[in-house]
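Inspection log for the structure reproduced underneath, given as structure tokens.
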Amino acid sequence: MVIRKATKTDSEAIARYLLLAMEDIVFEFIGERNAEKAMSFMQHLTGTENNQYSYQNCWVVEEEGEVIAAVTLYDGGQLEVLRAPVAQYIEQEYNRPFNPENETQAGEFYVDSFGVDPGQQGKGIGSALLQFLIDEYVHKNGQKLGLLVDKENPGAKKLYLKLGFQVVGEKTLVGKQMEHLQVK
């Protein structure tokens, strides 16, 4: 298993794995429950530079030459800049306004979304990826990592707490109640 920065050629796999985590949110963004359109939306953004879902902000897990997991992570202080191209794309392509709540802020590197290939889940890949990010950003560089977890997903919260994250507050994202966790 190799964890590495993503490249543009990883965009399709990244889109697939991020969509596992974000499907309901993407349906809200595009205004319909359409898996094909949601995948097209994600592929466009993961393959385009300078936005919050771009391959530039992703790490991937590769095994035997195949990407099996992906995470998007960025400086929370750059949210507005990284979100602007997403808003522009949604307004142009889907004729919808885009103004979700701010999910992060300056002072943390934000784990926006991550997903693991369904056939690889339960093997510790997600834990290994998060531990890698904690080592890279927190231990080596003295940064805070933050993320949101759906209050209706106690299993994910349990994993994050086990890895050292602590609850620091609550946020609403696209109408969902979330807990804000950080590790320092």
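What do you reckon, is residue 131 of a type outside the set (A, V, I, L, M), over 14 Å from the mean Cα position of the chain (by Cα) and closer than 25 Å to residue 62 by Cα? So residue 131 passes the test. Could you count how many residues in segment 169-184 are exposed (fewer than 15 other Cβ atoms within 10 Å of the Cβ) and among the β-branched types (Val, Ile, Thr)? Count: 1.
Can you find a residue in segment 81-88 that is touching a Cys at 6+ places or on another chain (Cβ under 6 Å) and of a type in the set (Gly, Ala, Ser)? No. Looking across segment 136-161, the residues that are in contact (Cβ under 8 Å) with a residue 24 or more places away in the chain, under 28 Å from residue 5 (Cα atoms) and either part of a loop (DSSP other than H, G, I, E, B) or more than 18 Å from the chain's Cα centre (by Cα) (or both) come down to 143, 144.
Of the residues making up segment 56-65, those that are out of contact with any helix residue (DSSP H, G or I) (no Cβ under 7 Å at 6 or more places or on another chain) and either free of Cβ contacts under 8 Å to residues at least 24 places away in the same chain or buried (at least 23 other Cβ atoms within 10 Å of the Cβ) (or both) number 3.
Within segment 1-43, the residues that satisfy the criterion of being surrounded by fewer than 16 Cβ atoms within 10 Å (Cβ to Cβ), under 19 Å from residue 95 (Cα atoms) and not hydrophobic (A, V, I, L, M, F, W, C) are 24, 31, 32, 33, 34, 36, 40. Screening 53, 74, 89 for residues that are hydroxyl-bearing (Ser, Thr, Tyr), assigned to a helix (DSSP H, G or I) and crowded, with 17+ Cβ neighbours inside 10 Å leaves exactly one candidate, 89.
Restricting to segment 1-50, what's the tally of residues that are assigned to a helix (DSSP H, G or I) and either polar (S, T, N, Q) or under 13 Å from the mean Cα position of the chain (by Cα) (or both)? Qualifying residue count, segment 1-50: 19.
Every number here is computed from the coordinates shown, using simple stated rules; none is lab data. Just so it is clear, the structure is predicted and the values come from calculations on it, not from any experiment. Heads up, the Cβs are rebuilt from the backbone with ideal geometry, glycines too, and the neighbour counts pull from every protein chain shown.
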